[in-house]
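Q: Shown below is the structure under consideration.
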Amino acid sequence: MAKWGKCDIKQLKELRKQLYQFEEADKERICTDVAKNIAARLLKMAKKRTPEDTGALLASWDIENKPLTVVRKGNCFEITITNSMSYADYVEFGHRTRERKDGKRTWVEGKKMITVPEEELRKVAPKIIERRIRKELKRVFNGD
């Protein structure tokens, strides 16, 4: 029969405790912070793509719940970004012009102010999330 000797498992117990604390207490906070970070990036990118004819459309971008509130729906964390200008959809997706004197109407392409940034962020969001989790894990294990 093999003899195993003595083993001190205090550090393993401490690791288990830290992981449990990280999982339970920090998960909600981390997800909320990441959602806020991504929403802020999306809002900034949308504003950059917004035409500035009068500045009214640009000034109308907003976060629906002020102060910035993250709504949790199951495993999803949501923040709603809005533009209150009545014509924002037409600028976003495109529209026909009014009939001219010659009877013609033309199509104005949409600026995709929020659509394109949303697609771009979907590609980089996993990296944003991974960076944040790594940062939190370092904090937990280094005691920072």
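Q: Straight-line reach only, C-alpha to C-alpha below 21 angstrom: list the lysines that K47 could link to, leaving out same-chain residues fewer than 8 apart.
A: K36, K66, K111, K112, K123
Q: Enumerate by residue number the trypsin sites (Lys or Arg not before Pro) in segment 99-141 meeting two conditions: DSSP loop (anything except H, G, I, E, B), and at most 14 other Cβ atoms within 10 Å of the site's Cβ.
A: Hits after loop and neighbour filter: R100, K101, K104, R105.
Q: Take R29 and R98, extend 7 Å from each Cα along the Cα→Cβ direction, and tell me the distance between the two endpoints in nm.
A: 5.6
Q: Hey, what do the phi angles of segment 88-97 turn into as Karplus ³J(HN,Hα) couplings, whole Hz, using 6.51/-1.76/1.60 and θ = phi - 60°, x for Gly and Pro?
A: Here the 3J(HN,Hα) series is 4, 4, 5, 5, 5, 9, x, 6, 8, 7 Hz.
Q: Ok, one more. Between the DSSP loop rule and a limit of at most 15 other Cβ atoms within 10 Å, which GluC sites (Glu not before Pro) in segment 14-83 are left?
A: E52, E64
Q: Only Cα pairs under 8 Å and at least 6 apart count here; give the relative contact order of the chain as a rounded whole percent.
A: Over the chain, the number comes to 23 percent.
Q: Tally up the carbon and sulfur contribution to the accessible surface of segment 55-124 as a whole percent, 1.4 Å probe, everything protein left in place.
A: 50
Q: Give the residue list of chymotrypsin sites (Phe, Trp or Tyr not before Pro) in segment 1-86 that are DSSP loop and have at most 15 other beta-carbon atoms within 10 angstrom.
A: Filter output for segment 1-86: W4.
Q: Right, here's the next one. Quick one: angle between helix 10-21 and the longest Cα principal axis of the chain, in degrees between 0 and 90, rounded to 10, please.
A: The angle comes out at about 20 degrees.
Q: Restricted to Cα positions, what overall size does segment 88-144 have along the principal axes? Three whole-Å values, descending.
A: 73, 16, 8
Q: Points 7 angstrom from Cα along the Cβ direction at C7 and R139: gap in nanometres?
A: For the pair C7/R139, the computed spacing is 3.3 nm.
Q: Now a separate question. Between Y20, V91, A59, whose Cα lies farthest towards the positive end of the dipole of segment 1-110 when Lys and Arg beta carbons carry +1 and Asp and Glu beta carbons carry -1, centred on the Cα centre?
A: Of Y20, V91, A59, it is Y20.
Q: Please compute the length gained on full extension between L121 and K36, using 0.36 nm multiplied by the number of residues separating them and subtracting their Cα-Cα distance.
A: Roughly 29.3 nm would be gained on extension.
Q: While we're on this one: Take the chain, connect every pair of alpha-carbon atoms lying under 10 Å apart with a spring to form a Gaussian network, then pick out the residue of T82, T106, T69 with the largest mean-square fluctuation.
A: T106
Q: Applying 1/(1 + (r/R0)^6) with R0 = 25 Å to the Cβ-Cβ distance of R132 and D62, what FRET efficiency is obtained, to the nearest 0.05?
A: Given R0 = 25 Å and the Cβ-Cβ separation, E is 0.50.
Q: Right, something else. With Kirkwood's inverse mean 1/r over C-alpha pairs for Rh, give me the Rg to Rh ratio of segment 1-95, two decimals please.
A: Rg divided by Rh gives 1.37.
Q: Okay, moving on. Determine the relative contact order of segment 79-134: mean sequence separation of Cα pairs under 8 Å and six or more apart, normalised by residue count, in whole percent.
A: Computed value for segment 79-134: 27 percent relative contact order.
Q: Also, quick follow-up: Per residue, how much accessible surface does the chain expose to a 1.4 Å probe? Answer in Å², no decimals.
A: Each residue of the chain exposes 80 Å² on average to a 1.4 Å probe.
The values are calculated or read from the model by the stated rules, or taken from the named source; none is laboratory data. Here the structure is a predicted model, which is why all the values come from computation and not from measurement. Note: ideal-geometry Cβ built from the backbone for every residue, glycine included; neighbour counts use all protein chains shown. Keep in mind that these areas ignore ligands, DNA and RNA; they rest on the heavy atoms of the full protein, side chains included. Shrake-Rupley method; radii C 1.70, N 1.55, O 1.52, S 1.80 Å.
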